[in-house]
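Participant: The structure under discussion is supplied below as structure tokens; questions concerning it will follow.
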Amino acid sequence: MTVESTAARKPRRSGTKRPAAANAAKPAAATAKTHDAEPQLVQLLTPEGVRVDVAENPDVAEFAPFVADITTDDLRGFYRDMVMTRRFDGEATALQRQGELGLWASLLGQEAAQIGSGRALRDDDYVFPTYREHGVAWCRGVDPTNLLGMFRGVNHGGWDPTTNNFHLYTIVIGSQTLHATGYAMGVAKDGADSAVIAYFGDGASSQGDVMEAFNFSAVYNSPVVFFCQNNQWAISEPTERQMRVPLYQRAQGFGFPGVRVDGNDVLACLAVTRWALERARRGEGPTLVEAFTYRMGAHTTSDDPTKYRRDEETAAWEAKDPILRLKAHLLATGGADEAYFEQLEVESEALGKRVREVVRTMPDPDTMAIFENVYADGHALVDEERAQFAAYLASFEGGE
Amino acid sequence: MAVQKLTIAKALNDSLRKAMEEDPKVLIMGEDVGKLGGVFRITDGLQKDFGEERVIDTPLAESGIVGTAIGLALRGYRPVVEIQFDGFVFPAYDQIVTQLAKMHARSLGTIKMPVVIRIPYAGGIGAVEHHSESPETLFAHVPGLKVVSPSNASDAYWMLQQAILSDDPVIFFEPKRRYWDKGEVDVEAIPDALHGSRVARTGTDVTLAAYGPMVKVCLQAAEAAAEEGKSVEVVDLRSMSPVDFDGIQASVEKTRRLVVVHEAPVFLGMGSEIAARITERCFYHLEAPVLRVGGYHAPYPPARLEDEYLPGLDRVLDAVDRSLAY
Ligand SMILES: Cc1ncc(C[n+]2csc(CCOP(=O)(O)OP(=O)(O)O)c2C)c(N)n1
């Protein structure tokens, strides 16, 4: 896609202010494969790394001002975020292959969606992630090594959600969208001006919980942003197995706006998320952001995408790599030089090394941890079983 | 050849294929069951051979999967639904408990609900949370549902076909850590009744009753006990609803001692019901109280602790010793 093909890149937005004709867009997905169609989305940086000319693209005009303050320094910062996140993710994948982690859900390809949206957040905003939001965690200041405990099998979380306003990963698909909505209802009741963001996947959008979250948030006008990373696949199922109308359009039926953004464009993700967060803060209620992106790797390390996915598809998306795109832009504009990229290489290597070391020396949990934190107030049955278990373990000591 | 050596996974796959060949009304539904063949490959190759109309990749929505399976059953189909992992059945729990289980009774017996819900369950594969649960009691407790679990390849092959033939909804729990265990399957045999128990090993001193993944552990425990001169009988329950109490009773009348073993929490688990019934039925035969070995009243722990959490040889043998000490 080039800058000239503006017609194909018109941003699409459903919502109350949208003219009826535009809203009545026919469900193209019923005939065409959604993930093959060239989507219409908000884009500020082309795959070649060229800034989209706002004057020539009036449809992005609404969002462009939300990144007007972004400096070259900021851009380098986003670049660093994406590189570090990818390095961490790659290290975790390698560690899984070496048997150090039981499983890993890679975010490869989704860095821009996560860093763009993550960097749009304020400290007092609250994040409800699914299980793949390693880049958002990075933006929240969660030490990446803390994300590995659950995948190594030493805990079910690994961080205190209240420290960084970053909730624990949620594995049951879509559940957290309701938690986010409830949290946002609380924020509104408190009269606070912070916002809440819920991450989920295109597959998750099929769950009843997600529809209920949409409806509750609309009915209560809650300050929540639903950030769907449409990475085209839910394990082996393509998006046409989940929906027949473009995802972002679904918001309209619930009474709030939906926007499709180029999920491989960090700037556009930042702009659209800021826009949605500000709506929330102003008391204008929920927004659905569909970040149109791609899962470059397997669903998790247990998955084999060659069973269901074409190589050509993956190759086509490689050309839209979010990191290469920003690098091209930085190089072309003189925003960064080779020395910068080399130094970043060193930095990311150091991160990889640290992650390796931490994982390899991560202690197994104490056996008695099975009985810890089952209840806040304690429970007689747990106490009894704990004591029996301790006695059982003790019976081995000094035995053989 | 009638007798083949198959993994449990392959036996299930063959069983589904056979059921689909024999009845065009049999459908498979679930997440990733098509091209991928399911995350455990139990439906591998079936979509290729039976088409997308019969092997249906569904949207990622368990309530939707079970709810539409109910509708398809109302229309004369026999859906076999795959829930990807035990912990993900709960979005569908409402449909299963309030609708699927009660449809026959509500319609005064006119409506049949031949729906099978296959659930890979229980632990031991080092998974993250929600991938290792043993929720069988939650289903066995619900009137209107039948609940079974095979422990070996032959039962996997036969019980699944019997479940599909049943006009009642059957929750079919597959012991996922045993998927790759091999066993002999006689595809021309006359299978045991779906809800009967089976003596997996004969013995005289104490009975171990188990189902699904714990049968193997109990057989190993019996082996180890034999080296110490103890004769342990192992009864594979196979069905958790209904439970073959007659079968357990027969064994207990012989051995006079019973230990029930399962991965699910002991509190209000299958073992509790079996202990109560067998105590009623065999009060004068019992030399020891019925003992239970199982999970704790605690969430399933992170993978690195599951070996401590799951009943293993030592805990089963410890219970055998305690029973014999009375
Ligand atoms: C309720 C529920 N059902 C099934 C699963 C198993 N599962 C885990 S991830 C996944 C696919 C999710 O796809 P999507 O929502 O698009 O997110 P992605 O993983 O692609 O980011 C499935 C089916 C689950 N975790 N929860």
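The values are calculated or read from the model by the stated rules, or taken from the named source; none is laboratory data. Just so we're clear, the structure is a prediction, and the values are computed from it rather than from any experiment. Reconstructed Cβ throughout: ideal geometry from the backbone, glycine too, with neighbour counts over all protein chains shown. The area values use the complete protein model at the heavy-atom level, side chains included, leaving out ligands, DNA and RNA. Shrake-Rupley method; radii C 1.70, N 1.55, O 1.52, S 1.80 Å.
Participant: Separation of segment B:159-215 and segment A:41-103 by C-alpha centroid, Å?
Facilitator: 53 Å
Participant: With every protein chain kept in the model, how would you rank A:Tyr340, A:Tyr169 by accessible area, 1.4 Å probe, largest at the top? Write out the running numbers ahead of the final one.
Facilitator: On the way: A:Tyr340 35, A:Tyr169 10 Å².
My answer, sorted largest first, is A:Tyr340, A:Tyr169.
Participant: Could you identify which residue out of B:Ala92, B:Ala101, B:Ala298 has the top mean-square fluctuation in a GNM of chain B using Cα springs shorter than 10 Å?
Facilitator: Of the options given, B:Ala298 has the highest mean-square fluctuation.
Participant: Can you give me the solvent accessible area of B:Thr110 with a 1.4 Å probe, rounded to the nearest 10 Å²?
Facilitator: Per-residue accessible area (B:Thr110): approximately 110 Å².
Participant: With no solvent and one point on each alpha carbon, what is the Debye value of log10 I(q)/I(0) for segment A:165-292 at q = 0.11 Å⁻¹?
Facilitator: -0.33
Participant: Calculate how many DSSP beta bridges within chain B are antiparallel, expressed in % of all such bridges and rounded to the nearest 5.
Facilitator: So the antiparallel bridges amount to about 25 percent of the total.
Participant: Let me ask something additional. Give the average, rounded to an integer, of partner chain Cβ atoms located within 10 angstrom of each Cβ in A:370-377.
Facilitator: 3
Participant: Got a sec? Which residues of segment B:124-155 lose 50 Å² or more of accessible surface with every protein chain in place, vs. that chain alone, 1.4 Å probe?
Facilitator: Hits at the 50 Å² cut-off: B:Val128, B:Glu129.
Participant: Could I ask something else about it? Can you pull the mean other chain C-beta count within 10 Å for peptide B:299-311? Working shown, then result.
Facilitator: Working: counts 4, 2, 10, 14, 8, 12, 10, 2, 1, 8, 3, 0, 0.
Partner-chain Cβ atoms within 10 Å, mean over residues of B:299-311: 6.
Participant: Another question, if that's okay. Considering only C-alpha atoms, what is the centroid distance from segment A:259-298 to segment A:368-400, in Å?
Facilitator: What the calculation gives is 47 Å, centre to centre.
Participant: Taking chain B as the reference, fit the longest principal axis to its C-alpha atoms, fit the long axis of helix B:270-282 to the helix C-alpha atoms, and give the angle between the two in degrees, 0 to 90, nearest 10.
Facilitator: 50 degrees
Participant: Whole-Hz Karplus ³J(HN,Hα) for segment B:72-85, in order, using 6.51 cos²θ - 1.76 cosθ + 1.60 and θ = phi - 60°, x for Gly and Pro?
Facilitator: 5, 5, 4, 8, x, 8, 10, x, 10, 9, 9, 9, 4, 8
Participant: In a Gaussian network model over chain A where Cα atoms closer than 10 Å are linked, find which of A:Asn231, A:Asn164, A:Asn264 has the largest mean-square fluctuation.
Facilitator: Checking each option, the largest mean-square fluctuation is seen for A:Asn164.
Participant: Shape verdict for segment B:186-326, please, from the Cα gyration tensor: rounded (a/c under 1.5), prolate (a/b greater than b/c) or oblate.
Facilitator: On the way: a/c = 1.30, a/b = 1.13, b/c = 1.15.
Rounded, because the longest to shortest axis ratio a/c is under 1.5.
Participant: If each DSSP helix of 4+ residues adds -39,500 (n - 2.57) and the sum is divided by the residues in chain A, what number results at 222 nm, nearest 500 deg cm²/dmol?
Facilitator: Working: 14 runs with 161 residues, N = 400.
About -12500 deg cm²/dmol.
Participant: Same structure, new question: Give me the percent relative contact order of segment A:128-285, please, defined on Cα pairs under 8 angstrom at least 6 residues apart.
Facilitator: It comes to 21 percent, rounded to a whole number.
Participant: Buried by at least 10 Å² relative to the chain on its own: which residues of segment A:203-239 qualify, computing accessible area with a 1.4 Å probe on protein heavy atoms?
Facilitator: Checking the loss per residue gives A:Gly203, A:Ser206, A:Gln207, A:Ala234, A:Ile235, A:Ser236, A:Glu237.
Participant: Please report the antiparallel percentage of DSSP beta bridges with both residues in chain A, rounded to the nearest 5.
Facilitator: Numbers: 5 of 27 bridges.
In chain A, DSSP labels about 20 percent of beta bridges as antiparallel.
Participant: Using a probe of 1.4 angstrom, how much of the accessible area of chain B is carbon and sulfur, in percent?
Facilitator: It is 53 percent, rounded to a whole number.
Participant: Per residue of B:283-293, how many C-beta atoms from partner chains lie within 10 Å of its own C-beta, taken as a mean?
Facilitator: Going residue by residue through B:283-293 and averaging, the value is 0.
Participant: Quick one: buried accessible area between A and B, total over both chains, 1.4 angstrom probe, nearest 100 Å²?
Facilitator: It comes to approximately 3400 Å² buried between A and B.
Participant: A further question follows. For chain A, take the convex hull of the Cα atoms, compute a quarter of its surface area, and give me that in nm², please.
Facilitator: Details: hull surface 91.5 nm².
The directionally averaged projection comes out at 22.9 nm².
Participant: For segment B:70-201, what relative contact order do you get, as a whole percent, if you take Cα pairs closer than 8 Å and at least 6 residues apart? Mind dumping the intermediate values first?
Facilitator: Details: 206 pairs, mean separation 35.4, N = 132.
It comes to 27 percent, rounded to a whole number.
Participant: Give the accessible surface of chain B per residue, rounded to a whole number of Å², with probe radius 1.4 Å and ligands, DNA and RNA excluded. Kindly include the intermediate steps, with their values, before the conclusion.
Facilitator: Details: 12400 Å² over 326 residues.
That works out to 38 Å² for each residue.
Participant: In segment B:3-80, which GluC sites (Glu not before Pro) fall in coil by DSSP and have 12 or fewer other Cβ atoms within 10 Å?
Facilitator: Answer in residue order: B:Glu52, B:Glu53.
Participant: If you don't mind, another one. Heavy atoms only, probe 1.4 Å: what % of the accessible area of segment A:189-291 goes to carbon and sulfur, would you let me know? Mind showing how you got there, number by number?
Facilitator: Values: 1200 of 2640 Å².
Its accessible area is 45 percent carbon and sulfur atoms.
Participant: Could I ask something else about it? Give me the percent relative contact order of chain A, please, defined on Cα pairs under 8 angstrom at least 6 residues apart.
Facilitator: Relative contact order comes out at 23 percent.
Participant: Please build a GNM for chain A, connecting alpha carbons under 10 Å apart, and tell me which residue among A:His299, A:His379, A:His329 fluctuates the most.
Facilitator: A:His379
Participant: Working from Cα positions, state the angle (0 to 90°, nearest 10) between the long axis of helix B:245-255 and the longest principal axis of chain B.
Facilitator: 20 degrees
Participant: Can you tell me the Rg and the Dmax, both Å, for the Cα atoms in the protein assembly as shown?
Facilitator: Values for the protein assembly as shown (Cα only, Rg and Dmax): 27.9, 92 Å.
Participant: Helix B:8-22 against the longest principal axis of chain B: what's the angle in degrees, Cα atoms only, rounded to the nearest 10?
Facilitator: Result, in degrees: 40.
Participant: Would you calculate, for chain B, the mean residue ellipticity at 222 nm contributed by helices, counting each DSSP H stretch of 4 or more residues as -39,500 (n - 2.57) and dividing by all residues, to the nearest 500?
Facilitator: Roughly -10000 deg cm²/dmol at 222 nm, from the helical runs in chain B.
Participant: Based on the mean of other Cβ atoms within 10 Å per residue, sort peptides B:253-266, B:209-222, B:122-135 so the most packed one is first.
Facilitator: Working: B:253-266: 23.6, B:209-222: 25.6, B:122-135: 21.7.
Ranking the peptides B:253-266, B:209-222, B:122-135 by packing returns B:209-222, B:253-266, B:122-135.
Participant: Considering all alpha-carbon pairs of chain B, what whole percent are spaced by more than 24 angstrom?
Facilitator: The share of Cα pairs beyond 24 Å in chain B comes to 53 percent.
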